[in-house]
1. Can you pick out the pairs among Lys18/Lys64; Lys56/Lys244; Lys64/Lys244; Lys56/Lys158; Lys158/Lys244 whose Cα atoms lie more than 26 Å from each other?
2. Can you sort Val232, Val52, Val131 by how many other beta carbons sit within 10 Å, fewest first?
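FYI, it's all coordinate maths here, none of it is from the lab. Everything numeric here is computed off the predicted structure, so don't read it as measured data. For neighbour counting, all protein chains shown are included, and Cβ atoms are generated from backbone atoms with ideal geometry for every residue, glycine included.
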Amino acid sequence: MVIDEEEAIDLCKGDYGKETLRQIASYAAPFFWEYRDAGGELRQRNGSMFFVDAGKGIFAVTAKHVFDGYLECLKASNITDFGIVPDVFGRPGREIIPIPLQERLIDEDKETDVATFSITENERVDIGSHVITTWPPATPQLNFGIGLTGYPGHERIKQGPKEISFAPYPILGIPSSISDRQITIQFTDEHTVDTPGFISAPSNYATGGMSGGPLLTHVTRGGISYWRLGGVITAGFHEWGLLKASRVDRLNADGTFIR
């Protein structure tokens with residue numbers, strides 16, 4: 001069933017919107033690292049990641065440039081802490097999962113700006129995020145629904161030596177353009193909807209830190225609606241209200257890429 005724009009907006013204003021945004025947010029986790037800059041000052045950076053199990057083992061996915069930023073600090077030997085922050089909807093006080101991505105790299109694709117990493121089942125349980133299991137990926141269509149989520153860096157709060165908090169930014173929308181490599185989402189105040197339990201982002205909301213989060217394609221088949229992987233968030237331009245995601249057509253079920 002296809003609904004019109006007015007009906008979609010009404011749905012997002014109620015419980016449907018609330019539960020859908022919560023579901024979308026559950027598919028991603030923040031990966032952060034803490035380091036000392038050239039002046040010795042302690043700083044933090046983060047990106048987002050998500051998890052896939054397409055029948056050939058669980059793996060994590062993020063943007064390659066997020067991984068490259070982590071490697072840059074690692075090579076400079078100035079990282080003091082790092083890891084994946086567990087389920088932000090879970091109980092407080094859960095310890096950060098220190099997964100050394102440099103030792104877990106499966107594959108990376110410079111053209112799409114995507115990288116993949118192996119994780120264990122125990123690590124997945126500890127992280128607590130939902131895992132994408134529908135395969136293969138489904139590229140979204142214009143005027144049909146998508147979901148995106150990630151962890152903006154400006155929402156990151158260091159609360160103690162081993163405690164850091166993040167706030168997810170889940171989004172329901174439609175793509176504004178789709179090319180053979182990229183999906184673009186344009187945000188406008190006209191289509192911003194207040195959803196119970198979620199604070200609407202102001203204009204020019206900074207999205208740095210969302211790179212590596214999933215773009216999910218909404219699919220309905222046989223009367224059942226569900227989410228499939230559609231892309232990976234790779235860039236944001238808050239001054240223009242834009243998010244960009246790379247398509248993942250070349251991603252294999254084992255985390256490698258078709259060359």
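1. Violating the 26 Å limit, Cα to Cα: Lys18/Lys64; Lys56/Lys244; Lys56/Lys158; Lys158/Lys244.
2. Val131, Val52, Val232
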